[in-house]
Each structure stands twice: as structure tokens, then as C-alpha cells.
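Novice: The structure follows.
The values are calculated or read from the model by the stated rules, or taken from the named source; none is laboratory data. Just so we're clear, the structure is a prediction, and the values are computed from it rather than from any experiment. Virtual Cβ from ideal backbone geometry, glycine too; neighbours counted across all protein chains shown.
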Amino acid sequence: MLQDLFDTPARVSRRSVLRGMLVGSAAISGSGVLAACGKREESGTTASTVADAAIQRGGTITWGKQAEATLLDPTTGGVGSSMELFQIVYDPLIAVDGELELIPGLAQRWESTSETEYLFTLRDGVRFSNGRPLTADDVVGTFERYLDPRMASSLASFISTETRVAKVDARTVRFTLPAPSSTFLSAVASAFAVILPMREVAAGSIDLSKQLLGTGPFMVKSHKAGSGWVLVRNPHAWQEPIADELAIRIMPDDNARIAALRDGSIDLTYFDVPDAERLLADVPDTEVKVQDRTDFYALVLNATGRSSPFTDQRVRQAISYAIDREQIREIALAGTGLPTGAVSAAFGDVAPAPTLAHDPEKARALLAEAGESDLSFEIVYPGEAFGRIAQVLQQNLSAIGVTVELGSLEEGVWVDRVYTQRPPKFDATVSWYAAYVGPAQALNLWNVDISPFAFQVRDARTQSLIERAQQAPESEAEEALRAASEAIDVQASTIPLVTKNATIAWRTDLIKVEVDDKDGNIHPLRHSPEYALLKAA
Amino acid sequence: MGQFARFGLGRLTVALVTLAVIAVAVFWAMRMVPGSYADVMLPANARAEARAALIDQYGLDDPLPGQFLSWAGNAVTGDLGTSLTSGEPVLSELGSRALVTVELAFLGGLLALLVGVPLGLIGGISRSRRTTGLIRVGNSVLLSLPDILVGALLVWVISTYEVPFTVGGWEPLFDDPVANLQAALPAALTIAVLGMGFVMTTTRGAVAQIAAEPYVQAARARGATRGEIVRRHVLRNSSVPVLTVFAVYLAYLLGGTVIAEVLFSLDGIGRYVIDATGHRDYPVVQGAVLVAAAAFVLISMVVDLLYGVLDPRIGARSAS
């Protein structure tokens, strides 16, 4: 039975995606919304932007970007600073809107023919910035590259390398999965699943680790490493930008970006520091928006050392019970973010609340039961925001009689001690993880086969519940997510704390921008084609 | 071989040995820092295969002596290698950023001289206890103000008040001199504060010492004006210690602009090296340190030669 789940440019919900896993479920999209998300000019948002008499076409929008995009090949470039850039130059088959719902990207529509088979129909008339039309061969080649085990791609963490991708006709591609997957569609919408110019790659005329050539609204004109990029309008873009240029200035220092925003040398920027909103309060003509992200901070306990107190699950659970997530949110994160469990709270109702909620009495009882009367350990962290969280954790744990020392580490040293060394050299750390746009995607962090962090606790039951949650049909999806989330919470080795938001700021007297309420793909400039300079008053 | 040639050869030998030691030290230090290029660049949950591929791509698991000899051999020919992150030659990456750093160092040095020399001169020759006291206090403040504090304060002022300066937005001097100075001056002032203190201290001490010399007393007795004494005797004779301090300070600035470049988002060598250190971009850090060391050594040699010009007695001693 062939069932259209996602008809032409229809906006669909995450629930619908999960529902799409079920053969025989009702069709979701209606013809009434077919025109809503087609070419940019056809969309309501853009139409209103263009109709605004205050804006001007052309010109240069300047973005103060806090970190350089250091990895330019989307195959392995699953780091935030690179993902931000990929999504401006390239496009994925499926895009994500401001409510984390899947919408058409380069695929005009997609449909599931069984629990393990998907057909994607490509948007007509799309061209790469060199003028060459996008073909089904590019899509097949791109995913063959991503799913080649030798490439060790970021996407292969979410889509089985045994998935088969085949061209059906010039505009249709079939994906055949080895098993049902509730994360497949959201993974296809990832920044590291963008479609690459495979004809040029095969011909050797482009080196993806040094050049970017995509179908996105802008293309690269010049780049000076560590300093900035100049992107210009892609003349063949299916999402035609209003501005001529997008200049990117790499400005790691928060204060420098605030000053540049004030003097108008940048038009927009964004911040990871939680108190950015307060810092920006006095900057005139500036609008600030705190964007909910699915990413989250976590306390990681190293449960692997023989002498580690964290080998005892009761001790780990005591630590978890001692944590006051609301206090972390209020004190360390300036009231931003949401207390979260293993399924990011940014996903809303589908995310179960943390199982081991703040309960110092239970924490003390568990420590006593484990015979830990004088527990002390060190929390290491790689930066200011992490340090603030660690300080609140220190206070939380002090309340149950646990002594915590704090240690700030340079990021490379921190990565080495926490993620690279075998065995890892730390007691506990505050880290953060991306949860992307599918509620079950971040569960991979606790899947020791996919994320073989040396500090992880291997637990067969948790592993099997995670796999079940990532394969469950829609009717069982919520229950499967709850069960996996609970098992992860009870293991208490990597303890989710609070979601990690971003603060986006722009000059209201210089540009007109739109910023989504939510994001899961580290894509603050999703609406960049619609950004426009304002006419001088 | 003449005395002067022997002196020059000796200095050159010392310079080459210094550079060789620095080359070994920076190469070794970078490899000893925890966290490799692959660790830092790839996501935390990157697969081991991806990590191994990146290490293999750049030969980072080759034996260290071999890596060093290969790099040092190329460096001798002027090839400092290729940046791991950008894939561009290190020398051209440094060259494209050198103008910012050199201009900042020059401006910082100029500000240090313009403020430090006159105030040091006044402090050295003034007989007013109030004036000398004020200058001593000002001198102490300048010497004890960390550049990061001065810079952070200036960034705060620029981001809070309407002032004709910018953070970042650097334009080349000859393309847009006004925009260039708007971006450069606050950064230059940041690095100049310490230099002002050094130059002031040295000038004050040197001037006070020379003012007590018999030939200055004799000039006074002859009825020479204070201006004449300063011009003819004090300035020239106090220039050697001031030049020494200034040269060391200028050489320091070639690496010392880093705080200002980072705080003011200026695209100079200092910020580039800081980023490269964070990324574990070994060839960039090694190349930049080697170039900075070479510049330091070169400036020291030039200053040695200048001593002879400013004070012929030194030149005669060196040559004898």
C-alpha cells in the first residue's frame, strides 16, 4: 500500500512523523496547506517581508559568529560551528520549522510505503550554485557517502549503514531501512544530512573538506580562516535571498560582539552565555530573543574506575536526587532553559519529566545505604557557563554532605581527559549534548554501541529499551520513550540537567529578521533568505 | 676577520642557536599538550574510525623525531607547512595577518613613547615635589594595570557609550584611515599602557642620573637654559637605556598584542595563534612562534647596532 504521508510542501508534526511509521495510518497532510512552504516567494512569511515598504533589496547583512566553522565537510562535520554554516550553503531533503516540525526541504514530498521503506520526491528546478541541476543521483551519492562505514560520518550514528538508497527515477529516491526507525526522518533533516554535489565530488573537481558547493540561499565568495566569510547570493537558489551578501565575522569574545552590535558593525549575533539578555539590555535598537533549543547540559559521572564511588549505582542515584534543576536554571542559567530528562524537555509533552527528581532526603538515605559518609570528588568543566552550573551542583551536593571541588580546564585538555583517554581521567564533568529534532535521537548518547564513551555504564536492559524507543511504531512511541528515559535516569551515569538555549540579538533599526522559537539543528539563521536591510529613515 | 665582523658572527650564531632551541621547545610543547587535533576538531561522540582517519590524513601518528625533522627542514627553506584547519600555507596565513599586528605594535609603541618620554623627562628634571610625586604615582598605576583590564574596560566603554571607536571592523590603513584608527586606537592603547610605564620609569631614571652629571652642572654654570640642556645633553644621553627598554617592549608587543586582538576581535597574528592553539593546529603555532622569535632576535640585533650610532663610545668598545 502506498500512502502519502507528506504531500507537497505540507507542514507536518513530529507526531505525524512518528505516525508515519505505521502502515495504514491516516494521511495527515491536506491540500489546503500545499502552497504554504514552497518557494520562498510563495510563503506567507516571506510575502509579508517583501511587502514591507521599510526594507530594501540587496545589500550586506553582517553576522557576528562566535566560532569558526573548522570542519567543512558535512560528512564528519557534526560540530555546531560548522553546522551553522552548512545549513546556509547546503540544504537537506527535509527541513525543520520553528516548532521542530518537519517541512519540505529539497524533497517536495516523502512517503512511507512500509515500515522500512521511504520514497522521496525531489523539488523541481533546484540547482547547485554552479548552475547544475540537482538530480536523484546527487541524493543517492550523498547518502551512499554518508552511510559508507569507512567514512565514519556523523549521520551514520542515526541511520543504519545497512540502509539501501536507490534512484527510482530522475526525481524520486527510495530508502530501504534494515529495521523500522522512529529517528530516520528527523535524521534526514540534520545539518549533517545535507545534499552534496556528488557529480563534482566524483569528478574530483571539488574537495569537500575545503570547498562548499550547495543549493542553499548563499554561496561562498571568500574565506579567511579564523577571521570571516563572505557569502553572496546563490543566483540559482530555490530560496532566493533578499540580501546580496551575508558577511560573517568570527568574533569569539562576547563583549566584542556586544560592542560591535552597538556600533552597528554587525547586524546580528547570538550568544551561548545564559546572561546575554541582561548584558544586552542597554544596547539601543536591539531586539533579543531567547531561542529554546533541544540541546541540554548534563552531569557526567565517571563510573568506570575501580576505586570510583560511582561504580555503586546507589551513589550515582544519590547524586541525581541531590540535583535541583530549577536552581540550576534560575541561578546558573539566568532563568533560561527547561529542567530535562533524557528526552529533551524542548520537545514538549512527549518528554517525560526526570525520574529521580530533587529529593535530598532520598539522596542522603542512598548515600548512607551505600556506606558513603564522607564522599568527595571533583567536577571539571570547560567554560564559564559550565562552571556556573558546576557551582550550583557543588551547593546541591554540599546539602547532602558531599564535598565537591571544581576544576576549570582548557577545552582541548577537557576533551582529552573526558572523551579520549582510556580510562578517562575525571570524576565528574558538566558537558552538553545536542538532541537534534527527533525526541529519540539523543538517546544515542546512552547507547554504548553508538556512543562508546569510556565512562558509560553498559546495561543490557537500558540498551534494549533505547533500541525499542528508536524503532517503536507511533502507537507505542510515547510509552517506549518514557520507558527508555526512565531506565536512563535510574542508571544515573550521564544525568541530563537543563536545556541549553541560545540568545539571538539583532539591530532593529538596521535589519529585519525572523527568528524561530525553537531549534534543534543549531541553525540560528534558518530564515537568512528573508533577512533584509531596512531603508534609511 | 675584523672585530666588528667577529662580533656580528657571534651574535648571528647565538641567534641561530636560540631559534633552534625555540623550534624544538615549541614542537615538543605542542605535542605534549593534552587533546590532539582530532580530539578537538571532531564531535565528542565521533567514531573512532573518523578520529583515526583525521590523524592519518595529517600523519599525526608518525614518530615525533621524523615529524620534527621534516618540519624543521622545510622551515629552513622558508616553508612553515600548511595549516591543518584551513589547508593554507602557514607563511601566507601569517603574512595576511602581520599588518594588523605590526600596526598595533607600532601604534602601541608610539603611544608609549609619546606619553612615557615627556612624563619621564618631567619627572626626572622637575624640582617640584608635587609634580614628581604625581608622576611617580601615575607611573606606578601604568605599570600595575594589566592590559586585559584596560582592554575589557575600553570594550565596555565602547559597548556602553556613544564613542567614535569600534570593536573590530578593521579596515586597512590606506583603504580607510579613519575606520582603521577607530578600530586600532583602543587596541593600541590597551597594549601601550604597560609600555608607557616602562618608558616613563626608564626615562625618569636616566634623566635624573644624567642631570646629576658634572657636564650638565657645568652647562648650568655656563648659563645654558633648561631647554638647551635637555636638548643637547639629557635627551641624547638618556636615549640608550630608553631605547633598550623600548626595543624589548616592541619585541614583546609582536607577541603581546594577543590580548588586544582577542578582546577587540582584530585579525592579527596573536588571535590567530590563540585560535590555532585551541584547535591544536600544530604547524600554525610552531610557525608563528618561530617567526615571532626570529623577529625578536632581529630587533635585538638591530638595537645592538643602534647603540653604536647613538653612543659612539659603545661602538668603539664593541669594535675594540
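Novice: Can you tell which of B:138, B:151, B:108 is of a type outside the set (Val, Ile, Thr), out of contact with any strand residue (DSSP E or B) (no Cβ under 7 Å at 6 or more places or on another chain), within 25 Å of residue B:207 (Cβ to Cβ) and surrounded by 21 or more Cβ atoms within 10 Å (Cβ to Cβ)? Please lay out each step first, then the result.
Specialist: Details: B:138 fails: surrounded by 21 or more Cβ atoms within 10 Å (Cβ to Cβ); B:151 fails: within 25 Å of residue B:207 (Cβ to Cβ).
So the residue among B:138, B:151, B:108 that is of a type outside the set (Val, Ile, Thr), out of contact with any strand residue (DSSP E or B) (no Cβ under 7 Å at 6 or more places or on another chain), within 25 Å of residue B:207 (Cβ to Cβ) and surrounded by 21 or more Cβ atoms within 10 Å (Cβ to Cβ) is B:108.
Novice: Which condition number in (1) out of contact with any Ser or Thr (no Cβ under 6 Å at 6 or more places or on another chain); (2) on the phi > 0 side of the Ramachandran plot is the one that residue B:168 fails?
Specialist: Failing condition for residue B:168: (1).
Novice: Given the structure, is residue B:267 within 14 Å of chain A (Cβ to nearest Cβ), touching a residue at least 40 places away in the same chain (Cβ under 8 Å) and among the acidic types (Asp, Glu)?
Specialist: On the way: within 14 Å of chain A (Cβ to nearest Cβ): yes; touching a residue at least 40 places away in the same chain (Cβ under 8 Å): yes; among the acidic types (Asp, Glu): yes.
Yes.
Novice: Restricting the search to segment B:121-135, which residues are without any contact (Cβ under 8 Å) to a residue 24 or more places away in the chain and part of a helix (DSSP H, G or I)?
Specialist: Filtering segment B:121-135 down to residues without any contact (Cβ under 8 Å) to a residue 24 or more places away in the chain leaves B:122, B:126-134.
Passing the criteria: B:122, B:129, B:130, B:131, B:132, B:133, B:134.
Novice: Go through (1) crowded, with 18+ Cβ neighbours inside 10 Å; (2) farther than 27 Å from residue B:60 by Cβ; (3) in contact (Cβ under 8 Å) with a residue 40 or more places away in the chain for residue B:233 and report which single condition fails.
Specialist: Just one mismatch for residue B:233, condition (3).
Novice: Within segment B:33-87, can you find the residues that are facing chain A (nearest Cβ under 7 Å), more than 31 Å from the chain's Cα centre (by Cα) and part of a helix (DSSP H, G or I)?
Specialist: B:39, B:49, B:50, B:53
Novice: Mind checking whether some residue in segment B:95-114 is farther than 22 Å from residue B:268 by Cα and either within 13 Å of another protein chain (Cβ to nearest Cβ) or at pLDDT 90 or above (or both)?
Specialist: yes
Novice: Identify the residue in segment A:150-169 that is outside any strand (DSSP E or B) and in contact (Cβ under 8 Å) with a residue 24 or more places away in the chain and, among all such residues, is nearest to the other protein chains (Cβ to nearest Cβ). It would help to see each step written out before you state the result.
Specialist: Filtering segment A:150-169 for residues outside any strand (DSSP E or B) gives A:150-163.
Subset that is in contact (Cβ under 8 Å) with a residue 24 or more places away in the chain: A:151-155, A:157-159.
Details: A:151: 8, A:152: 4, A:153: 8, A:154: 7, A:155: 11, A:157: 7, A:158: 11, A:159: 14 Å.
Filtering segment A:150-169 for residues that are outside any strand (DSSP E or B) and in contact (Cβ under 8 Å) with a residue 24 or more places away in the chain, the one nearest to the other protein chains (Cβ to nearest Cβ) comes out as A:152.
Novice: For residue A:374, which of the numbered conditions (1) at pLDDT 95 or above; (2) more than 14 Å from every other protein chain (Cβ to nearest Cβ); (3) not in a helix (DSSP H, G or I) fails to hold?
Specialist: Going through the list (1) at pLDDT 95 or above; (2) more than 14 Å from every other protein chain (Cβ to nearest Cβ); (3) not in a helix (DSSP H, G or I), residue A:374 breaks only (1).
Novice: Now for a separate question. Condition first: of a type in the set (A, V, I, L, M, F, W, C), surrounded by fewer than 20 Cβ atoms within 10 Å (Cβ to Cβ) and either closer than 13 Å to residue B:281 by Cβ or touching a strand residue (DSSP E or B) at 6+ places or on another chain (Cβ under 9 Å) (or both). Now tell me which residues in segment B:72-103 satisfy that.
Specialist: Of all residues in segment B:72-103, those of a type in the set (A, V, I, L, M, F, W, C) come to B:72, B:75-76, B:80, B:84, B:90-91, B:94, B:98-100, B:102.
So of that shortlist, the ones also surrounded by fewer than 20 Cβ atoms within 10 Å (Cβ to Cβ) come out as B:72, B:76, B:91, B:98-99, B:102.
Answer for segment B:72-103, where residues must be of a type in the set (A, V, I, L, M, F, W, C), surrounded by fewer than 20 Cβ atoms within 10 Å (Cβ to Cβ) and either closer than 13 Å to residue B:281 by Cβ or touching a strand residue (DSSP E or B) at 6+ places or on another chain (Cβ under 9 Å) (or both): there is none.
Novice: Okay, moving on. Quick check, is residue A:89 buried (at least 22 other Cβ atoms within 10 Å of the Cβ) and free of Cβ contacts under 8 Å to residues at least 24 places away in the same chain?
Specialist: On the way: buried (at least 22 other Cβ atoms within 10 Å of the Cβ): yes; free of Cβ contacts under 8 Å to residues at least 24 places away in the same chain: no.
No.
Novice: What's the total number of residues in segment A:277-304 that are outside any loop (DSSP other than H, G, I, E, B), within 12 Å of chain B (Cβ to nearest Cβ) and either without any contact (Cβ under 8 Å) to a residue 60 or more places away in the chain or farther than 16 Å from residue B:159 by Cβ (or both)? Give the steps one after another, and end with the answer.
Specialist: Going through segment A:277-304, the residues outside any loop (DSSP other than H, G, I, E, B) turn out to be A:277-279, A:286-293, A:296-301.
This time we only want the ones that are within 12 Å of chain B (Cβ to nearest Cβ), so: A:279, A:286, A:298, A:300.
Next, only the ones that are either without any contact (Cβ under 8 Å) to a residue 60 or more places away in the chain or farther than 16 Å from residue B:159 by Cβ (or both) stay: A:279, A:298, A:300.
So the answer is 3.
Novice: Separate question: Select, from B:282, B:252, B:272, the only residue that is aromatic (Phe, Trp, Tyr), more than 9 Å from chain A (Cβ to nearest Cβ) and closer than 23 Å to residue B:68 by Cα.
Specialist: Numbers: B:252 fails: closer than 23 Å to residue B:68 by Cα; B:272 fails: more than 9 Å from chain A (Cβ to nearest Cβ).
From the options B:282, B:252, B:272, the qualifying one is B:282.
Novice: List every residue pair whose Cβ atoms sit under 6 Å apart, with the two residues 6 or more apart in sequence or on different chains, where the first one lies in segment B:153-179 and is under 16 Å from residue A:256 (Cβ atoms) and more than 9 Å from every other protein chain (Cβ to nearest Cβ) and the second, anywhere, is of a type in the set (A, V, I, L, M) and surrounded by 15 or more Cβ atoms within 10 Å (Cβ to Cβ).
Specialist: B:170/B:183; B:170/B:266
Novice: Sticking with this structure for a sec: Please go through segment A:334-364 and give me each residue that is assigned to a loop (DSSP other than H, G, I, E, B) and of a type in the set (D, E, K, R), ordered by number. Step through it out loud before you land on a result.
Specialist: Residues of segment A:334-364 that are assigned to a loop (DSSP other than H, G, I, E, B), as a first pass: A:334-338, A:340-344, A:351-359.
If the condition is that a residue be assigned to a loop (DSSP other than H, G, I, E, B) and of a type in the set (D, E, K, R), then A:359 is the only one that fits.
Novice: Restricting attention to segment A:94-118, report how many residues are closer than 30 Å to residue A:205 by Cα and touching an Asp or Glu at 6+ places or on another chain (Cβ under 6 Å). If you could, list the steps in order and put the result at the bottom.
Specialist: Going residue by residue through segment A:94-118, those that are closer than 30 Å to residue A:205 by Cα are A:94-95, A:104-108.
Within this subset, residues satisfying the condition of being touching an Asp or Glu at 6+ places or on another chain (Cβ under 6 Å) are A:105-106.
Count: 2.
Novice: If you don't mind, there's one more thing I want to ask. Quick check on my filter: what residues within segment A:97-125 are within 15 Å of the chain's Cα centre (by Cα) and within 21 Å of residue A:165 (Cβ to Cβ)?
Specialist: Within segment A:97-125, A:102 is the sole residue that qualifies.
Novice: Just to check your reading of the model, which residue among A:217, A:197, A:180, A:274 is crowded, with 24+ Cβ neighbours inside 10 Å, more than 27 Å from residue A:130 (Cβ to Cβ) and away from chain B (no Cβ under 14 Å)? Before the answer, list the steps.
Specialist: Values: A:217 fails: more than 27 Å from residue A:130 (Cβ to Cβ); A:197 fails: more than 27 Å from residue A:130 (Cβ to Cβ); A:180 fails: crowded, with 24+ Cβ neighbours inside 10 Å.
That would be A:274, the only listed residue that is crowded, with 24+ Cβ neighbours inside 10 Å, more than 27 Å from residue A:130 (Cβ to Cβ) and away from chain B (no Cβ under 14 Å).
Novice: Could you say which residue among A:145, A:123 is closer than 16 Å to residue A:86 by Cβ and surrounded by fewer than 23 Cβ atoms within 10 Å (Cβ to Cβ)?
Specialist: On the way: A:123 fails: closer than 16 Å to residue A:86 by Cβ.
Exactly one of A:145, A:123 is closer than 16 Å to residue A:86 by Cβ and surrounded by fewer than 23 Cβ atoms within 10 Å (Cβ to Cβ), namely A:145.
Novice: Being within 14 Å of another protein chain (Cβ to nearest Cβ), in contact with a Lys or Arg (Cβ under 8 Å, 6 or more places away or on another chain) and not in a loop (DSSP other than H, G, I, E, B), is that true of even one residue in segment B:7-30?
Specialist: Yes: segment B:7-30 contains one or more residues that are within 14 Å of another protein chain (Cβ to nearest Cβ), in contact with a Lys or Arg (Cβ under 8 Å, 6 or more places away or on another chain) and not in a loop (DSSP other than H, G, I, E, B).
Novice: Run residue B:221 past the list (1) away from chain A (no Cβ under 14 Å); (2) surrounded by fewer than 19 Cβ atoms within 10 Å (Cβ to Cβ); (3) touching a residue at least 60 places away in the same chain (Cβ under 8 Å) and report the number of the one that doesn't hold.
Specialist: Answer for residue B:221: the failing condition is (3).
Novice: Which count do you get for residues in segment A:248-257 that are at pLDDT 90 or above and within 11 Å of another protein chain (Cβ to nearest Cβ)? Full working, then the answer.
Specialist: Of all residues in segment A:248-257, those at pLDDT 90 or above come to A:248-251, A:257.
Next, only the ones that are within 11 Å of another protein chain (Cβ to nearest Cβ) stay: A:249-251, A:257.
Going through segment A:248-257 one residue at a time, the tally reaches 4.
Novice: Name the residue, out of A:451, A:485, that is of a type in the set (S, T, N, Q), in contact (Cβ under 8 Å) with a residue 12 or more places away in the chain and assigned to a loop (DSSP other than H, G, I, E, B).
Specialist: Values: A:485 fails: assigned to a loop (DSSP other than H, G, I, E, B).
Step by step, each of A:451, A:485 is checked, and only A:451 is of a type in the set (S, T, N, Q), in contact (Cβ under 8 Å) with a residue 12 or more places away in the chain and assigned to a loop (DSSP other than H, G, I, E, B).
Novice: Additional query: Based on what the data block shows, is residue B:289 away from chain A (no Cβ under 14 Å) and either buried (at least 19 other Cβ atoms within 10 Å of the Cβ) or modelled with pLDDT under 80 (or both)? Steps first, please.
Specialist: Details: away from chain A (no Cβ under 14 Å): yes; either buried (at least 19 other Cβ atoms within 10 Å of the Cβ) or modelled with pLDDT under 80 (or both): yes.
Yes.
Novice: Now for a different question. Within segment A:394-417, can you find the residues that are at the interface with chain B (Cβ under 8 Å from one of its Cβ atoms) and among the aliphatic types (A, V, I, L, M)?
Specialist: So in segment A:394-417, the residues at the interface with chain B (Cβ under 8 Å from one of its Cβ atoms) come out as A:410-417.
Scanning segment A:394-417 gives A:413, A:415.
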